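Asker: Please find one structure pasted underneath; my questions will follow.
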Amino acid sequence: MARGNLGDVDFNDLGRFAELLGSNSALPIPAFKSPDDVRKEARERSQTIHETYNALHAIVTRHEETIQKRWIKKSGQQRRKVLLECWPGMSAVHRPDIEAFRKETKKQRDQETKYRESFLWPYINQEDLTTPKSLPLLLNARARHHPALFSAADITAIRFGVVTTAIVPVFLNEYVMILNGAMDADKYGELIAWDDHPDAFEWMHTEKQFLPGDGLIVLEIQERILRFLLDCSKTILHDIPADKLTCGTYPVQPEPHLTTEAEANGFESLAVMAAEAPYRLPARLDFKRMELLLEAKVSAAKDLIWALREDPGYFADRIVDIREHRQEMLKDIMGNVHPALRPGAGAIVGARVIGNLVIEAYSELEIFTELHRQAMELRLLHDNYAARLSPIEDLPEDFLDRLLTFRHYLRQAAKGPLAALRHNVVASPPMRRFFVREPPPDATTSRIAVMSRPGNTLTKVEGHLHWLLSTLWEDGHTLFLADMPLVLDELERLLQAEPRAADLISSRVAEIISNASIISQCLGQINQYQPWARGFESAEVDKLEDIQQGFAVWAKPLSYMLKGIRDQDFVRIADLGDPSHRRFFYPAEKRRTKENVEALRRAEQNLGDFWRAVDEIVDFNCEHLQGTVVRALLSEKRMFQSTPEWVDSGSVTEKKEQQRNAAGGGVESLFKPLSTLYFSEETAAQSKVPRTTKTKTKGESKETYLPPISHEPVDTGAEPTPVRVDSRALKVFRTLFFNPGVTSSPGEVAWQDFIYAMTSTGLFSAEKLYGSAWQFQRLDTESQTRIQFHQPHPRGKIPFTMARSMGRRLTRAFGWIGEMFVLREKEDASQA
């Protein structure tokens, strides 16, 4: 039947509604329940929920420590036996809803999925609950906190099942069900008609309360979970008669402490936090955490730009890495190399690599700086309103506007790393064997069509990894259904659990995943802002046009910059950035000899020539990058101390003095600007000396040097505050702040040794983010300053080039220098 006019349809008549939609409707038609039926079911489930909750609460407040200890002592097989006894047929694998989605077609799900339980309780599965902590966490959360506190989280947890139509709530129009904030058993699950309460329609429209069908699903979820936990408690406490569990023999006990990840391993893990989140009390949006996470990323983006300009070795490594991930490196379906790589093709690929390098570094700074600015404003606004916010009231209009704007910018920002995955994963050395490309018409075309290599058979792990990555980079319907935070959570979990999957991820791809995860973490935080987050989609409808217009205004300078940085403009300077022929050979780790010093100076000169050429092109094409954060950064008169000329004769003291006065310019001639993009000739001449600041002490003016970024120690005249460390940590810091006069052969640094060194100072805590990113939070300051580093992959060893760059970042961020770190035993002896 053809679709009819819906204007006069009675939406309570589902039969007529289904007839008008027709048999080819993309959505399944929900079942209808009368108000009396819904009210009856809700009342019965609510009563059971509260009876079970009260019984469970009474047991857990008396026996939780015993339950925890017994559960931890059980073997995996013993835990599984308890789980299956209390929940027969429990799903076997983690996130059974995703596995079910991949098994069934949409038609099968619409007709009636065979895996309803998997979609309805995705976190109730043997794989997760047989771990030592998940069940104790779930028991603690659900037994000690009223079910109303979980209602928004429980409906959010089954979003994947709802949007994939595996779960179809029953339909009842013109009613709303009360769950949020209803702490009384008689009110929890109460059904109210729109006409019976002035706010009922608004509660439903803004999703502060529930559609009747959604409410029934929440009650079903909670009823089953609480019954399961009560049965588990009784089974674990099998030696105590059930009727004696809450008698006077067992008084209420203080809530026991469950070991945290930081206590167990010495650092927090975002992956562990994500894995444990479904079993804990729903978290509230942490505005400060978002702000600090983005602040650390902005700092890392700035450091990347400076590192590319000051460190020839780091620059060369980055260029090689980008080139190795270009899709031109793929063979075509006939096994031929790309025409742009053949002799005589010119510098096409080299120009594209330079374009990648500049665009990535500059756009990353622009985007994360804006996200950080918005997060900071949101935090301040939230602090202003915090005392007045109520879960049954609307958010203040200006606060809601800022939240929706931030959410939109996050989604737009996510497109960058997702596109980067599409271009980099298939060409990355570990994944290259799975893909081929179509032959291009000529060497100059930048369009490359990539496909899976015919005849490839993927293992289960490889197939799952490919599905997760392609879901992200295709940024299509499947990602919309699953949502980016969920897919990234699953990707990180797979990489942590399966070494074979981790081996297929290159360091560059891991870095891209890290960037995506920072955005995803912020989106996940916004999604946790319940109960209001459930209404963000509908609230955005009326505001989207204004938000999009604001985004277009902000993005205009960035778009001009991206259009101005064109690959073809870099063809003529591609040779300047080519690391072949040892143009950027930089033996900073080797003992100073005439040959090594000349190599250092030559690499520094070559790098300076390259960036001067890039700056000229960008300056000409991008109208001085007007209005961008990049312009402000590159306008800073940041100095780099170049390597002094080699002097053959004389004592060490004389040699240092001669080096300082080499080249006829004194020490000033060794300090050069890292960017000349916005310097006039007069400004550039004035910028050849290190910046100084004047501070007054007791009426006297004292001039001190701001430490330049250098591989050589610089005497600032100030005595650094010593940091006492053991020999293991000292070895790490001597490599990070390498001085060839102290350490003859720095070598590599094990990543675990770096974490140990940072945390053993007592100044930092460590947190594992997603991909390759780690975050270190300063503990000795109120500002909670954070800095992010990327774990090398796949070897877990920090090459000296990277270690030197990390040391420079620590110098910039905290003023650290190598002389600060003192062997604990030596300092203790000197003080004695």
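Just so you know, all these numbers are worked out from the coordinates, no wet-lab data involved. A quick note: this is a predicted structure, and the numbers were derived from the prediction, not measured. Positions of Cβ are backbone-derived with ideal geometry, glycine not excepted, and every protein chain shown enters the neighbour counts.
Asker: Determine the dipole magnitude for segment 287-569: charges of +1 sit on the beta-carbon of Lys and Arg, -1 on that of Asp and Glu, nothing else is charged, the reference point is the Cα centre, and the result goes in debye to the nearest 20.
Answerer: Taking the Cα centre of segment 287-569 as origin, the dipole is about 920 debye.
Asker: Let me ask something additional. For K107, list the aspartates and glutamates whose Cα falls under 17 Å from its own Cα; do not include residues on the same chain fewer than 8 positions away.
Answerer: Cross-link targets: D97, E99.
Asker: Say each of E51 and H145 gets a label point 7 Å from the Cα, pointing the same way as Cα to Cβ; how far apart are those two points in nm?
Answerer: Result for the modelled spin labels: 2.6 nm.
Asker: Round to the nearest 0.05 the FRET efficiency obtained for T445 and V252 when R0 = 51 Å and r is the Cβ-Cβ distance.
Answerer: Computed FRET efficiency for T445 and V252 comes out at 0.10.
Asker: How would you rank 44-52, 288-296, highest first, on the average number of other Cβ atoms within 10 Å across their residues?
Answerer: Ranking, from highest mean packing down: 288-296, 44-52.
Asker: Let me ask another. For A750, which sequence-distant residues (separation of 5 or more, or a different chain) have an amide H within less than 5 Å of its own amide H, given hydrogens modelled in the peptide plane?
Answerer: Placed amide hydrogens put I798 under 5 Å from A750.
Asker: While we're on this one: Within segment 434-454, list the residues whose amide N lies under 20 Å from a label point set 7 Å along Cα→Cβ of A419.
Answerer: 445-451
Asker: So, one more: Could you work out the relative contact order of segment 31-246, using alpha carbon pairs under 8 angstrom and six or more residues apart, expressed as a whole percent?
Answerer: 32
Asker: Turning to a different aspect of this structure: Semi-axes of the equivalent ellipsoid for segment 323-388, please: Cα gyration tensor eigenvalues, times 5, square-rooted, ordered largest first, whole Å.
Answerer: Sorted largest first and rounded, they come to 47, 14, 5 Å.
Asker: Can I ask one more? Just rank C522, C247, fewest to most, by other beta-carbon atoms within 10 angstrom.
Answerer: Going from least to most buried by this count: C247, C522.
Asker: In addition: Taking a virtual spin label 7 Å from the Cα of E202 along the C-beta vector, which residues in segment 522-560 bring their backbone nitrogen under 19 Å of it?
Answerer: The answer is 531-543.
Asker: Spelling out what I want: for every residue of segment 594-608, take phi, set θ = phi - 60°, compute 6.51 cos²θ - 1.76 cosθ + 1.60 (Karplus), and round to whole Hz; glycine and proline get x.
Answerer: Ordered by residue, 3J(HN,Hα) equals 4, 5, 5, 5, 5, 5, 4, 5, 5, 5, 5, 5, 4, 5, x Hz.
Asker: Now for a separate question. Can you work out ³J(HN,Hα) from phi for every residue in segment 785-790, in order, using Karplus 6.51 cos²θ - 1.76 cosθ + 1.60 and θ = phi - 60°, giving whole Hz and x for Gly and Pro?
Answerer: Calculated HN-Hα couplings, in order: 4, 10, 9, 10, 10, 9 Hz.
Asker: Same structure again: Hey, can you grab everything whose amide H is under 5 Å from the amide H of V723? Only 5+ residues off in sequence or another chain; H modelled, so Pro and N-termini drop out.
Answerer: F821, V822
Asker: From the phi of every residue in segment 466-476, what ³J(HN,Hα) in whole Hz does the Karplus formula 6.51 cos²θ - 1.76 cosθ + 1.60 yield, where θ is phi - 60° and glycine or proline is x?
Answerer: Working through the residues one at a time gives 5, 4, 5, 5, 5, 4, 6, 6, 6, 6, x Hz.
Asker: Taking only Cα atoms of segment 287-569, what ratio of Rg to Rh do you get with Rh as the Kirkwood inverse-distance radius?
Answerer: Across segment 287-569, the Cα-based Rg/Rh ratio is 1.00.
Asker: Still on this model: Tell me, in nm to one decimal, what length is gained between V93 and R566 on full extension, where the rule is 0.36 nm per residue of separation less the Cα-Cα distance?
Answerer: Gain on stretching V93 to R566: 165.5 nm.
Asker: Out of the chymotrypsin sites (Phe, Trp or Tyr not before Pro) in segment 132-208, which ones are loop residues according to DSSP with at most 14 other C-beta atoms within 10 Å?
Answerer: Loop-located and lightly packed - none at all.
Asker: While we're here: Does segment 566-645 come out rounded, prolate or oblate, given a ≥ b ≥ c as the square roots of the eigenvalues of its C-alpha gyration tensor, rounded meaning a/c under 1.5 and, failing that, prolate meaning a/b above b/c?
Answerer: Oblate shape, in that a/c is at least 1.5 and b/c is the bigger or equal ratio.
Asker: Ok, one more. Do any of K133/K234; K73/K133; K590/K797; K187/K208; K73/K460 go past 23 Å between their Cα atoms, and which?
Answerer: Result: K73/K460 exceed 23 Å.
Asker: Same structure again: Starting from 0.36 nm per residue, how many nanometres of slack lie between N456 and R591 once their C-alpha separation is accounted for?
Answerer: Additional length available on full extension: 43.6 nm.
Asker: Could you put S118, S559 in order, starting from the residue whose Cβ has the fewest other Cβ atoms within 10 Å?
Answerer: The most exposed by this proxy come first: S559, S118.
Asker: For K331, go through the aspartates and glutamates and keep the ones whose alpha-carbon is under 14 Å away, minus same-chain ones fewer than eight residues off.
Answerer: Within the straight-line limit of under 14 Å, K331 reaches these aspartates and glutamates: E438.
Asker: Specify whether the C-alpha gyration tensor of segment 767-825 places it in the rounded, prolate or oblate class, a ≥ b ≥ c being the square roots of the eigenvalues: rounded for a/c under 1.5, otherwise prolate if a/b is larger than b/c and oblate if not.
Answerer: oblate
Asker: Quick one: which residues, 5 or more positions from F737 or on another chain, have an amide H under 5 Å from its amide H? H modelled 1.01 Å from N in the peptide plane, none for Pro or chain starts.
Answerer: Placed amide hydrogens put nothing under 5 Å from F737.
Asker: Next question, about the same structure. Using a ≥ b ≥ c from the Cα gyration tensor of segment 31-246 (square roots of the eigenvalues), is it rounded, prolate or oblate, where a/c under 1.5 gives rounded and otherwise the larger of a/b and b/c decides, a/b for prolate?
Answerer: It comes out oblate by the Cα gyration axes.
Asker: Aspartates and glutamates within cross-link reach of K594: Cα-Cα under 18 Å, excluding same-chain residues under 8 positions apart?
Answerer: By straight Cα distance, K594 reaches E604, E645, D648, E654, E657, E712.
Asker: Counting other Cβ atoms within 10 Å of each Cβ, which trypsin sites (Lys or Arg not before Pro) in segment 403-510 have at most 11 and sit in a DSSP loop?
Answerer: R447
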